[in-house]
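As structure tokens, the structure follows; a few thoughts come after it.
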Amino acid sequence: MKENFKSIEFAPGKTLSVETGRLAKLADGAMMVRMGDTMVLCTVVSARSAKPGQDFFPLVVDLRESFTAGGKFPGGFLKREGRPSDNETLASRLIDRSLRPLFPSGYYNDTQVICQVFSSDGQNEADVLGAFGASAALHVSDIPYDGPMAQVKVGRIDGSFVINPTIDELKQSDMDMIVAGTKSSVIMIEGEMNQISEAEMLDAIKTAHTSIVKLCEFQEELRAECGVEKRAFEPVQENETLQEKVENRAAEAVREIVAMGLGKEDYNGKLRELREEVIKEITGEEGLEESASDVAKFFGKIEKRELRQMILKNKRRIDGRSPEDIRSIWSQVGYLPRVHGSSIFTRGETQALVSITLGTKRDAQSVDTLFHEEDKLFMLHYNFPPFSVGEAGFMRGPGRREIGHGHLAERALKMVLPDFEDFGYVIRVRSDILESNGSSSMASVCGGSMALMDAGVPLPKPVAGIAMGMIVGEDETVVLSDIRGEEDFMGDMDFKTAGTADGITATQMDMKVQGISFEVLEKALEQARVGRLHILEKMAETISAPREKLSDYAPQFLRMTIDGDSIGAVIGPGGKVIQTLQKETDTEIWIEEDEAGKGQITISADSLDKAENAKRRIQAIAGNLDEGATYLGTVKAIKEYGAFVELVPGKEGLLHISEINHSRVNKVEDELAVGDKIEVKLLKVEHGGKLRLSRKALLPKPEEE
């Protein structure tokens, strides 16, 4: 491959450079992409032939980061990269979803795309660079590919769109959306936004597509200068005689089943019975004994065609709904008694059981990746057990699908969460899918919003999500609301939007065909808005506002501020003071120094009384003792005239013999012993910091005779 170095300014102030023909020359295609000082090497390799009997496209995409790229060591015991992080997995999914529709129909050769981050400037992220590089490497290679395509990220700062914003710019942005497309259309969208309108989102997509066109034209230039001839590819020819036989035997019966308006179980059951009959009948003929898989394939094509034709011609769907209809919804909150909040959200044959856990800062997830180091204070974990689709299977860790669906639902909800400084809890949402027939990720959004309100998390507005579909015909396009599984599999678009009544908070779109117009996209957005409002109304029938009180089982905490000079005293030598405090008060305490040098302290416990006790003791250590307050102290020394009581480590006061009891005390030892724990009232903080204490002020006065 001819060596080539080129660059392009594809958006104001944004320049992308590429190098090809010098590195990884044994790959079918290789492209080093650079923006700023972030560099990603993208390689593609595809087998020369498909495996015998292969009937699907085995595309594998991996984007991997190296800590070395940022001059860092990996954390943990093993000082090398391990399994991919969630961010790497999500980026890999985005590239896969953008590339997959652009391979020719019938291409079943093993194909692998690897995007490796070799340099990072900590500002220009690698995800969209990897997508561009993967497409460019495919385009200049001999692999059959109907590209090019490109991805760009869209942010919005002070009302102006920014293409491929830096990490610092994204912190000021109310939008973080990735758009992928070809020169003619958009094929993939995913992102989060702060309750923007459908019109604003459409403007963002159009702005992104302007840059995508430039990047696609740039790839065409690369191919003209250094591309190689595409390898010959002819899809396997179908057995037309067998196809006609299956058509004659099954088409009319499939058409009848599709038109019955059945639920998932009945629909699949009747199709399965018919398919088995047709396979048995045809494979019973001489010379067709080994044709079962081909018969099943042709049967599936008939089902897809009939389903699509019914929707296009009759505007009627499998279960009898019109294109705009949403399936029945029922929900419940407070279902799980010991979790901090819970809900069941059921829409048609999709059901999510969602639970909430509220925790302290110590429950935050530490995220240490090449581009991000942070404590994650909100997380949504999505689980998809095999029984949810009526199958038996292994229960292993989350795969790419689970990570992707959970991330989308997390993005939708986090846009309306209160700031940690205001609410103070780390939040974990767990969504377990119990039934699935269409958009369990959007059910997780709805159920998650309701469960958060049940937990008392102060959401300003509830959030709902809906999945849209589309069937493209020769003369007409039909947009479908609330798609079920068969419509997703056999349709041309999967478009999910989530948001409040005021705007969109997250979106995801995948196109299986090229050529969607912005007019159709605008129609889909508006239809989705109407559907989202309907779902929000149904949710409000169960719960419409956050609970005023948190669960009794949620951790209780207090927050306080002390002078920076007192932080060392509260922690103590080797942490001894704070460890003693935690043990004696049965609390968890952590201290952070803010930008102003003040100590921000959070105290958590299973009861507010314990937290209050710890707060009083910290105030005492910091010299903030409250006159008139009660403290649980320890007798440290006994003298003739009284006892010295330690209120908190390092702070002692005098309990005079006259303040021990209402009755006369002759000897202090008659009432107290060193080591006793006693409650005392702080009467006065005298000049010089001396503390005057009283025990009798807390004892009931004896009745007068």
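The values are calculated or read from the model by the stated rules, or taken from the named source; none is laboratory data. What you see is a predicted model; the values in this text were computed from it and never measured. Note: ideal-geometry Cβ built from the backbone for every residue, glycine included; neighbour counts use all protein chains shown.
Observations on the model:
- Sole residue being closer than 15 Å to Met509 by Cβ and surrounded by 24 or more Cβ atoms within 10 Å (Cβ to Cβ), chosen from Ile466, Ile427: Ile466
- Test: residue in the range 597-613 that is in contact with a Phe, Trp or Tyr (Cβ under 7 Å, 6 or more places away or on another chain) and among the polar types (S, T, N, Q): yes
- Scanning the range 543-571 for residues that are in a loop (DSSP other than H, G, I, E, B), of a type in the set (D, E, K, R) and within 29 Å of the chain's Cα centre (by Cα) turns up Arg547, Glu548, Lys549, Asp552.
- Looking only at residues in the range 150-189 that are among the charged types (D, E, K, R) and out of contact with any Lys or Arg (no Cβ under 8 Å at 6 or more places or on another chain), the one that is farthest from Cys42 (Cα to Cα) is Asp158.
- Check on Val457, part of a loop (DSSP other than H, G, I, E, B) and within 26 Å of His209 (Cα to Cα): no
- Within the range 1-26, residues that are over 22 Å from Asp127 (Cα atoms) and at pLDDT 90 or above reach partners that are of a type in the set (Asp, Glu) and not in a strand (DSSP E or B) with beta carbons closer than 8 Å, at six or more positions or on different chains, in the pairs Gly21/Glu3; Arg22/Glu3.
- All conditions in (1) more than 24 Å from Met177 (Cα to Cα); (2) of a type in the set (D, E, K, R); (3) touching a strand residue (DSSP E or B) at 6+ places or on another chain (Cβ under 6 Å) hold for Lys414, with the sole exception of (1).
- The criterion of at least 1 residues that are under 28 Å from Phe489 (Cα atoms) and modelled with pLDDT of 95 or more is met by the following helices (runs of 4 or more DSSP H) wholly inside the range 68-187: 86-99, 127-140.
- Test: Arg316 is under 30 Å from Lys523 (Cβ atoms), out of contact with any helix residue (DSSP H, G or I) (no Cβ under 8 Å at 6 or more places or on another chain) and part of a loop (DSSP other than H, G, I, E, B): no
- Residues of the range 2-16 satisfying the condition of being more than 16 Å from Ser135 (Cβ to Cβ) and surrounded by 14 or more Cβ atoms within 10 Å (Cβ to Cβ): Ala11, Lys14
- Single match in Gly568, Gly531, Gly574 (criterion: at positive phi and either in contact (Cβ under 8 Å) with a residue 60 or more places away in the chain or surrounded by fewer than 20 Cβ atoms within 10 Å (Cβ to Cβ) (or both)): Gly574
Conditions tested, residue by residue: (1) among the small types (Gly, Ala, Ser); (2) at pLDDT 90 or above; (3) closer than 29 Å to Val339 by Cβ; (4) not assigned by TED's automatic domain parsing to the domain that holds Ile471.
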position: Thr497; (1), (2), (3), (4): no, yes, yes, no
position: Ala506; (1), (2), (3), (4): yes, yes, yes, no
position: Met511; (1), (2), (3), (4): no, no, no, no
position: Ser517; (1), (2), (3), (4): yes, no, no, no
position: His534; (1), (2), (3), (4): no, yes, yes, no
position: Ala545; (1), (2), (3), (4): yes, yes, yes, yes
position: Ile562; (1), (2), (3), (4): no, no, no, yes
position: Ile567; (1), (2), (3), (4): no, no, no, yes
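- The residue of the range 460-507 that is nearest to the chain's Cα centre (by Cα), among those that are aliphatic (A, V, I, L, M) and in a loop (DSSP other than H, G, I, E, B), is Val463.
- Among the candidates Glu229, Glu225, Glu190, Glu220, residue that is over 39 Å from the mean Cα position of the chain (by Cα), closer than 19 Å to Leu102 by Cβ and touching a residue at least 60 places away in the same chain (Cβ under 8 Å): Glu229
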